[in-house]
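Participant: After the structure tokens below, expect a handful of questions from me.
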């Protein structure tokens, strides 16, 4: 077997048979990190392999992981491991690949350790994987920015003048980032109808999702020291799917002049498995064309786009799910490297565990848009669901599930899913 | 001596003589908490008293502090102590008051302990007192919002329609909050002149300060559970002075539609001493009149305004400082209780240590405005400084120092100062 951690799309396999069916999101090529608990134990770091979770604290106790990572996995977040740095990420991935391929038989041939360290995923609780010191949300899909600008501002000049120059972003609320499976209450807030003199207070009437990916910062930067686009990839640990739940009616009334606040801060959901940049390496693609050419600090040499297929399903209570969006991350106008270079060019520092959302990922057609706002044109053209239901915006009891994967040759490097149900307002 | 911790403005005194001169910011009525290091020791929690810092870790070791706070002071931030909750804050303040008044002679009469626990402030290093999980900045001075709106938007309709209904705020960048004394580099960034087709990149040409106060959240709230205006004061631990450094030219180009980002994220300075809400209790004042009456969730019963005098001094390199602003916190339109109620009404949770900035504190005259933007009308009317210099915006080498205090009967409950020097751009 050729080394499966070199980025070549060979069809490596694992002795964990469920990892080899070509459909699982978690083949040996992936090895995403998460935080799980099972059997009454405290949360610890695990890796998804097929339909199993590999308990890295148990492997570490057994002396099978790199010494440089010793003690990093019996932890309530990935941060301690991430902070050890890229050489340790690489060494750990190489060890896990050897152990799970059978190239190193120490786990495969040890029944007692296998029984302890391989936990069926169906029986575990997955927790928020990262302690997030800061959450920034960008706005990097040209299609999304255009669609929103057309509806909320000037249809003739939908894209604001700064959009093609700046990877626009804003600071989000880190406290309310939750892991997939967390139900969220419909937010209450102020909304104002155009024909009324004053706003009213009550449950949001235009509750929406936003399909995003987010990257997790793996290497801090110091205050006053910008990160270049060339150095930016070395500051990224991995990626998650992100649902930036949005209260459109609250947003429209509150957002001038300082940006979205209560319309976003009631909750942001992320997928529990952090897919590493190493696993995503084979799926790098050429950067999208940018015109005008960005200012020098935003120019990039490397290929910083990624081919990641994405889907959104909407499931009313008691009904079947319907796929309401199919799109791809590779078309995003601004890359993650550009986002990080812009974020730090002022001197702003980043920290290990910072979450950077991509902004809503949208295509040009209604069924490739990453929000109901766009798909239904602000509710005017409801989307039809299986069983005859339709939605302009989300209703109580609806569950939104987002998924994404990179298609390799006979395997998928997947993100699993991020799912959340809407509860009635308090 | 009557109990000095009841909020009555009696002239209580301490056997630490420097606390009794009527001018110090740190009399026995104050007792602000900070994080300090001295003599090569690790940072620990201290309290300012006159020109001394009282080492609470040492007092705790000596068994002089409440058992409920045991171990909370030998810590790299105030968070552990704050998280213990209001009854422990109250008990600790009562103990410190007894020890420093001499009502309890255990410290006063123990020369060895005094020598260990009282450290001259002149010799200590003060650190960022709180680990800040989230930083939110409000915009609650009507005068400031009007002044800014007049310059950047429509002079005839300077106040945006939502301003009188919403305590407008946005998420700031917590990673770059620094303690007083930290020098900051002038940020680089994109700016665009009206007559040019594209932006240029380079050092900010309109660097400014913003005079604010911030409160530190002392009690967390759960996701989905709003905090009412009535309960809000119990969620506040104390306050600091805050300088929200701002790059006006970067801000003007970047802020539409998602708000300020790089124009603010290069640094935010706070004062090192956290003045507790208990110490501020005697300085509560009636709330400002609000018209229209706010929506029900923003109405308040208690007195939530505070009489805090504030000053800003600007000191060019090698020159004397000039006071360029004198104002007061009591005129702020939206109160901190309203800010917190609004922040959480969507269901957004807050955490211990969250920092909530007031927004720039401005009066109606140029010399009562909390930013150069306002004082100099966007640079058009430079302010004259001692020695003949003048400033439209900040120049390299300038030091900005903000201070504030509550004037009691013969004593001041003060904030000390927050100071920062501008270094040339990288």
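Participant: Say a label goes 7 Å from Cα toward Cβ at residue A:377 in every copy; what distances in nm does this one have to the rest, shortest first?
Facilitator: 4.8
Participant: What order, most packed first, do the peptides B:54-61, A:110-117 have when packing is the mean number of other Cβ atoms within 10 Å of each residue? Each step should come with its number before you reach the end.
Facilitator: Numbers: B:54-61: 22.5, A:110-117: 13.9.
Order by mean packing, descending: B:54-61, A:110-117.
Participant: Something else now. Can you tell me which of B:165, B:278, B:143 moves the most in a GNM of chain B? Springs connect C-alpha atoms under 10 Å apart.
Facilitator: B:165
Participant: Let me ask something else about it. Expressed as a whole number of Å, what is the distance separating the alpha-carbon centroids of segment A:379-426 and segment B:58-106?
Facilitator: Going from one Cα centre to the other spans 51 Å.
Participant: With a 10 Å cut-off between alpha carbons and a GNM built on chain B, which of B:402, B:277, B:121 moves the most?
Facilitator: Most flexible of the set in this elastic network: B:121.
Participant: So what are the protein assembly as shown's ellipsoid semi-axes, whole angstrom, largest first, if each one is the square root of 5 times an eigenvalue of the alpha-carbon gyration tensor?
Facilitator: Equivalent ellipsoid semi-axes, largest first: 45, 33, 26 Å.
Participant: In addition: How many Cβ atoms of partner chains, on average, are near each residue of B:260-272 if near means within 10 Å of its Cβ? Could the numbers behind the result be given before it?
Facilitator: On the way: counts 5, 13, 9, 1, 3, 9, 8, 6, 0, 0, 0, 0, 0.
Counting Cβ atoms of other protein chains within 10 Å of each residue's Cβ and averaging gives 4.
Participant: I'd like the mean, over residues of A:201-212, of how many other protein chain beta carbons sit within 10 Å of each residue's own Cβ.
Facilitator: Partner Cβ neighbours, averaged per residue: 1.
Participant: Sort segment B:17-127 into rounded, prolate or oblate with this rule: let a ≥ b ≥ c be the square roots of the eigenvalues of the Cα gyration tensor; rounded if a/c is under 1.5, and if a/c is not under 1.5, prolate when a/b is larger than b/c, oblate otherwise. Walk me through the intermediate numbers first.
Facilitator: Numbers: a/c = 1.31, a/b = 1.11, b/c = 1.17.
Rounded, because the longest to shortest axis ratio a/c is under 1.5.
Participant: What is the average number of partner chain Cβ atoms found within 10 Å of a Cβ in B:170-181? Could you put the intermediate results ahead of the total?
Facilitator: Values: counts 10, 16, 2, 8, 6, 11, 8, 0, 2, 0, 0, 0.
Taking the mean over all residues of the peptide, I get 5.
Participant: Which of these, B:416, B:202, B:181, has the largest mean-square fluctuation under a Gaussian network model of chain B (Cα springs below 10 Å)?
Facilitator: B:202
Participant: If each of residue A:11 and residue A:91 carries a label point 7 Å out from its Cα toward its Cβ, how far apart are those two points in nm?
Facilitator: In this crude spin-label approximation the distance works out to 3.5 nm.
Participant: Within segment A:316-349, find all residues whose amide N lies under 19 Å from a label point positioned 7 Å from the Cα of residue A:291 along Cα-to-beta-carbon.
Facilitator: A:331-335
Participant: Same structure, new question: What relative contact order, as a whole-number percentage, does chain A give when Cα pairs under 8 Å and 6 or more residues apart are counted?
Facilitator: Details: 1044 pairs, mean separation 88.6, N = 426.
Dividing the mean separation by the residue count of chain A yields 21 percent.
Participant: Which single residue of chain A puts its beta carbon nearest to the axis of rotation relating A to B, and what distance, in whole Å, does that give?
Facilitator: A:259, 1
Participant: Further question: If each label sits 7 angstrom from Cα along the C-beta direction, how far apart, in nm, is residue B:17 from its counterparts in the other copies?
Facilitator: 8.7
Participant: Then there's this: How far is helix A:336-345 tilted, in degrees, relative to the longest principal axis of the Cα atoms in chain A, given as a value from 0 to 90 rounded to the nearest 10?
Facilitator: The angle comes out near 70 degrees.
Participant: Tell me the angle of helix A:86-101 to the major Cα principal axis of chain A, expressed in degrees between 0 and 90 and rounded to the nearest ten.
Facilitator: So the inclination is approximately 60 degrees.
Participant: Ok, one more. Quick check: the angle from helix B:142-152's long axis to the longest principal axis of chain B, C-alpha only, nearest 10 degrees?
Facilitator: 30 degrees
Participant: May I pose another question? Would you work out if segment A:131-192 is rounded, prolate or oblate? Take a ≥ b ≥ c from the square roots of the eigenvalues of the alpha-carbon gyration tensor; rounded if a/c is under 1.5, else prolate when a/b is larger than b/c, oblate otherwise.
Facilitator: On the way: a/c = 2.62, a/b = 1.56, b/c = 1.68.
Oblate is the answer for segment A:131-192, as a/c is 1.5 or above yet b/c matches or exceeds a/b.
Participant: Between copies, how close do the residue B:155 label points come, placed 7 Å along Cα→Cβ, listed in nm from shortest?
Facilitator: The answer, with the shortest distance listed first, is 3.5 nm.
No lab work stands behind these numbers, since they all come straight from the coordinates. Being a predicted model, the structure only gives us computed values, none of them experimental. Using ideal geometry, Cβ is built from the backbone for each residue, glycine included, and neighbour counts are taken over all protein chains shown.
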